[in-house]
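Working notes, beginning with the structure itself.
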Amino acid sequence: MKKSIIALSLVLFASSSWAAGALTHATDSTVENAQAGADTAKEKLHQAEHRGSELKTKAQNKVENGGNTTGDKIQEGSQKAWNKTKETTEKGWDSTKEASKKGWDKTKEGASDLKKKVTE
């Protein structure tokens, strides 16, 4: 009787531990997907903002002096290049931030595993 109670207790404990691990994994992947979606939305927003500012500059140049001068074209081209630089830099920063967070999480996980091994 005691052996069957102990065996049942171990099975219940193991299943709850497994479920907690599966839940954590599902939560982590859900968070990663949400962050990727947020990064994409942020990127699209910034592209739209930059396109709007480019069109505004183009319209102002057109009103002021016809929009066909070399200076106008240079201004519009440099603004487009600057906006592209900002978008690329932001993408790089987001990737760096995400990679460092993953690395930090792995480090904490490794430290936790090591702590468990030492205490057992």
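Where a number appears in this text, it was derived from the coordinates with a stated rule and is not lab data. All of these numbers come straight from a predicted model, not from anything done at the bench. As a convention, Cβ positions derive from the backbone with ideal geometry for all residues, glycine included, and neighbour counts pool all protein chains shown.
Could you tell me which of the residues 86, 73, 80 is of a type in the set (Lys, Arg), out of contact with any helix residue (DSSP H, G or I) (no Cβ under 7 Å at 6 or more places or on another chain), farther than 22 Å from residue 38 by Cβ and surrounded by 11 or more Cβ atoms within 10 Å (Cβ to Cβ)? Talk me through it step by step, then tell me what you get.
On the way: 86 fails: farther than 22 Å from residue 38 by Cβ; 80 fails: out of contact with any helix residue (DSSP H, G or I) (no Cβ under 7 Å at 6 or more places or on another chain).
Criteria check complete, one pass: 73.
Quickly run through the range 24-69 and pick out the residues that are assigned to a loop (DSSP other than H, G, I, E, B), among the polar types (S, T, N, Q) and surrounded by fewer than 11 Cβ atoms within 10 Å (Cβ to Cβ).
Here is the first cut: in the range 24-69, the ones assigned to a loop (DSSP other than H, G, I, E, B) are 66-69.
Checking which are among the polar types (S, T, N, Q) leaves us with 68-69.
Passing the criteria: only 68.
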